[in-house]
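Engineer: Below you'll find the structure I mean.
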Ligand SMILES: [Fe+2]
Ligand SMILES: [Fe+2]
């Protein structure tokens, strides 16, 4: 049998990346590539799951039957997204429940946007429009991620996301064009969600040490600032169209660059929320922990029953 | 952490009659019935399927990618298995 | 306009609406991700059924109300769902046992309603039956897993059954409305369903090693608008937007 040394393996790996050939689960990959993927995909999965909570908060209060069904289906989709992603994590040899325990212990992060409270129905609109909108911006390039299972999960996710953004925009525009109370509700939601949505793209490129390595590995295909700009450029006109005001006095259109320029993002707030001090961090993690703990006896029962059944069939 | 988990299952979906089942992902389930029902709820929420297969992930045996050369290279050299290898005189159709 | 048909349809609608609401409370809190998705599917089916039924109830009522008016703007006493549907989720075992008692009823009920002489009800029944068959399979399998699982799960499932059994009888409630519509071949004669229901329940309970409580004490009232304390809170939440912002569209 041919001896394969590390340099050769690395060269073969790099050459696959260069030729845009996807890396598949059993292929050799550098340990750091695997580690980075496990971290990124599991955090992405956690974000989908924790992300069910702020919207789930309004399922029982949705204002009519149509909205109720749509919101339920939307939040359920997010559970599905979490599952596709955990499924991708497991192809890397990581264990789903262990990554979930890391979430519960605070070791693993999730998107900080979900640590903000949903206090009005308009927040369902703002989340679909802005948060799912930002998520789409992030996820579309990931469909070309170098790791096959992640890329394929993203293709599925992106297909489903467009309905999410549309239903959100439908909610917010209905309010923006509704009664004065409704319009106020919509503007208030935009005021609260705009900046956190911009923070979803992560720190500025200069402060994002992992970006370069991830770009080299083709795990990441665009930088934080590139995606953020793209999001701003498409979203500002949408707000204008429905008569809402972006809560940024410094926002202006730059004729030369063809892009909007924004005021300063409050990165102190971002880091405070990331490190656990957002308005709802504790509640979100506590809710996920409770679900897992309360479900323990159920999962054990199903397993015990399956084993009893196997034993009966064998005898 | 000493938690006993439900086994992992791989899910294959036939998206319509006439097509093969295709691998779509995995999920956890305590038994086969549950795996099929979960697969239906997770992977066919937008009626993407007409038939589902599930198989416990640890029952799948995979070829070793480092032996890909040995497994697949010989086939690359057997070009005579492909119809384009053969010259067919002009004017012959339906072949 | 036929008010008996409207009253009859509204009962079926309210069962779906209120139980769908209850099941939807699980979304994001299920015992495992896969089951979270499954429960949400059931909630979605029930809300979907409620919507079709409420539309029909509103149309046959002929008072110009919409399905949403009926869902969100009635007084508590005007809801005619069975008490079983409004009972709280409790633990997963309680949710599953409630669902199982209900799904088993619904299975036979819709099977029979498919033959209703009212074409609209028959059409809704046919569509709902497909969904209900799946719900029934799901809840029955879970009752068996929990009943014949671990000691703890057995105890919890049995406790849930002991708690909820007294609400089962109300599923077979009938009054003048039913008799009038049965005579016209529109409504289902629930006395014909009861033995089928009981037989299926006994069958699954046996496999689940669960004991059906021996009690003749039954709780009723929901069909006539007399509810448990739970419904008021449920409605306060469900009607919150419509009550706080009267007359607005969403
Ligand atoms: Fe998502
Ligand atoms: Fe989404």
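Engineer: For segment A:204-212, does any single residue satisfy the condition of being within 15 Å of residue A:41 (Cβ to Cβ) and more than 13 Å from ligand 1 (Cβ to nearest atom)?
Structural biologist: yes
Engineer: Take the residues in segment C:1-21 that are more than 9 Å from every other protein chain (Cβ to nearest Cβ) and under 30 Å from residue A:302 (Cα atoms), then tell me which one is surrounded by the fewest Cβ atoms within 10 Å (Cβ to Cβ).
Structural biologist: C:16
Engineer: If residue A:70 passes every condition in (1) free of Cβ contacts under 8 Å to residues at least 40 places away in the same chain; (2) within 16 Å of ligand 2 (Cβ to nearest atom) but one, which one does it miss?
Structural biologist: Just one mismatch for residue A:70, condition (1).
Engineer: Could we say that residue A:63 is crowded, with 22+ Cβ neighbours inside 10 Å, assigned to a loop (DSSP other than H, G, I, E, B) and in contact with a helix residue (DSSP H, G or I) (Cβ under 7 Å, 6 or more places away or on another chain) here?
Structural biologist: It is true that residue A:63 is crowded, with 22+ Cβ neighbours inside 10 Å, assigned to a loop (DSSP other than H, G, I, E, B) and in contact with a helix residue (DSSP H, G or I) (Cβ under 7 Å, 6 or more places away or on another chain).
Engineer: Does any residue of segment C:68-79 turn out to be touching a helix residue (DSSP H, G or I) at 6+ places or on another chain (Cβ under 6 Å), more than 10 Å from chain A (Cβ to nearest Cβ), under 19 Å from residue A:59 (Cα atoms) and assigned to a helix (DSSP H, G or I)?
Structural biologist: Looking through segment C:68-79, none of the residues is touching a helix residue (DSSP H, G or I) at 6+ places or on another chain (Cβ under 6 Å), more than 10 Å from chain A (Cβ to nearest Cβ), under 19 Å from residue A:59 (Cα atoms) and assigned to a helix (DSSP H, G or I).
Engineer: In segment B:35-78, what residues are in contact with a strand residue (DSSP E or B) (Cβ under 9 Å, 6 or more places away or on another chain) and farther than 20 Å from residue B:8 by Cβ?
Structural biologist: Matches in segment B:35-78: B:48, B:50, B:51.
Engineer: Among (1) within 14 Å of the chain's Cα centre (by Cα); (2) under 17 Å from residue C:42 (Cβ atoms); (3) not in a helix (DSSP H, G or I), where does residue C:100 come up short?
Structural biologist: The single condition residue C:100 does not satisfy is (3).
Engineer: Looking only at segment A:29-54, filter to residues that are within 8 Å of another protein chain (Cβ to nearest Cβ) and crowded, with 24+ Cβ neighbours inside 10 Å; which one of those is nearest to ligand 2 (Cβ to nearest atom)?
Structural biologist: Only one residue tops the list, namely A:52.
Engineer: Please go through segment A:69-86 and pick out each residue that is closer than 21 Å to residue A:151 by Cα and either more than 14 Å from ligand 1 (Cβ to nearest atom) or more than 8 Å from every other protein chain (Cβ to nearest Cβ) (or both).
Structural biologist: A:78, A:81, A:85
Yes/no matrix, rows are residues, columns are (1) more than 14 Å from chain A (Cβ to nearest Cβ); (2) under 17 Å from residue C:106 (Cα atoms); (3) surrounded by 13 or more Cβ atoms within 10 Å (Cβ to Cβ):
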| site | (1), (2), (3) |
| --- | --- |
| C:188 | yes, yes, yes |
| C:208 | no, no, yes |
| C:214 | yes, no, no |
| C:238 | no, no, yes |
| C:242 | no, no, yes |
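Engineer: Assess whether residue A:11 counts as being within 27 Å of residue A:175 (Cα to Cα), part of a helix (DSSP H, G or I) and without any contact (Cβ under 8 Å) to a residue 12 or more places away in the chain.
Structural biologist: In short, no.
Engineer: Can you tell me how many residues in segment C:26-55 are more than 7 Å from every other protein chain (Cβ to nearest Cβ) and surrounded by fewer than 23 Cβ atoms within 10 Å (Cβ to Cβ)?
Structural biologist: 4
Engineer: What number of residues within segment B:1-55 are more than 13 Å from chain A (Cβ to nearest Cβ) and in a helix (DSSP H, G or I)?
Structural biologist: 1
Engineer: For segment A:263-315, enumerate the residues that are away from every other protein chain (no Cβ under 14 Å), outside any helix (DSSP H, G or I) and within 21 Å of the chain's Cα centre (by Cα).
Structural biologist: A:265, A:266, A:278, A:279
Engineer: Return yes or no: is residue C:40 without any contact (Cβ under 8 Å) to a residue 24 or more places away in the chain and farther than 24 Å from residue A:285 by Cα?
Structural biologist: For residue C:40, the condition - without any contact (Cβ under 8 Å) to a residue 24 or more places away in the chain and farther than 24 Å from residue A:285 by Cα - is not met.
Engineer: Only one of A:197, A:239, A:189 is within 16 Å of ligand 1 (Cβ to nearest atom), surrounded by 15 or more Cβ atoms within 10 Å (Cβ to Cβ) and closer than 23 Å to residue A:55 by Cα. Can you tell me which?
Structural biologist: Unique residue meeting the criteria: A:197.
Engineer: Could you figure out which of (1) more than 9 Å from every other protein chain (Cβ to nearest Cβ); (2) free of Cβ contacts under 8 Å to residues at least 40 places away in the same chain; (3) not in a helix (DSSP H, G or I) isn't true of residue A:26?
Structural biologist: Result: residue A:26 fails condition (1) only.
To keep it simple, each residue is scored yes or no on (1) more than 24 Å from residue A:50 (Cβ to Cβ); (2) modelled with pLDDT of 95 or more; (3) in contact with a strand residue (DSSP E or B) (Cβ under 9 Å, 6 or more places away or on another chain); (4) not in a helix (DSSP H, G or I).
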| position | (1), (2), (3), (4) |
| --- | --- |
| C:1 | yes, no, no, yes |
| C:6 | yes, yes, no, no |
| C:14 | yes, yes, no, no |
| C:17 | yes, yes, no, no |
| C:22 | no, yes, no, no |
| C:39 | no, yes, no, no |
| C:44 | no, yes, no, no |
| C:55 | yes, yes, no, no |
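Engineer: Determine whether segment B:64-79 contains at least one residue that is in a loop (DSSP other than H, G, I, E, B), over 28 Å from residue A:9 (Cβ atoms) and at pLDDT 95 or above.
Structural biologist: There is no residue in segment B:64-79 that is in a loop (DSSP other than H, G, I, E, B), over 28 Å from residue A:9 (Cβ atoms) and at pLDDT 95 or above.
The values are calculated or read from the model by the stated rules, or taken from the named source; none is laboratory data. Keep in mind that this is a model prediction, so the values were computed, not measured. Positions of Cβ are backbone-derived with ideal geometry, glycine not excepted, and every protein chain shown enters the neighbour counts.
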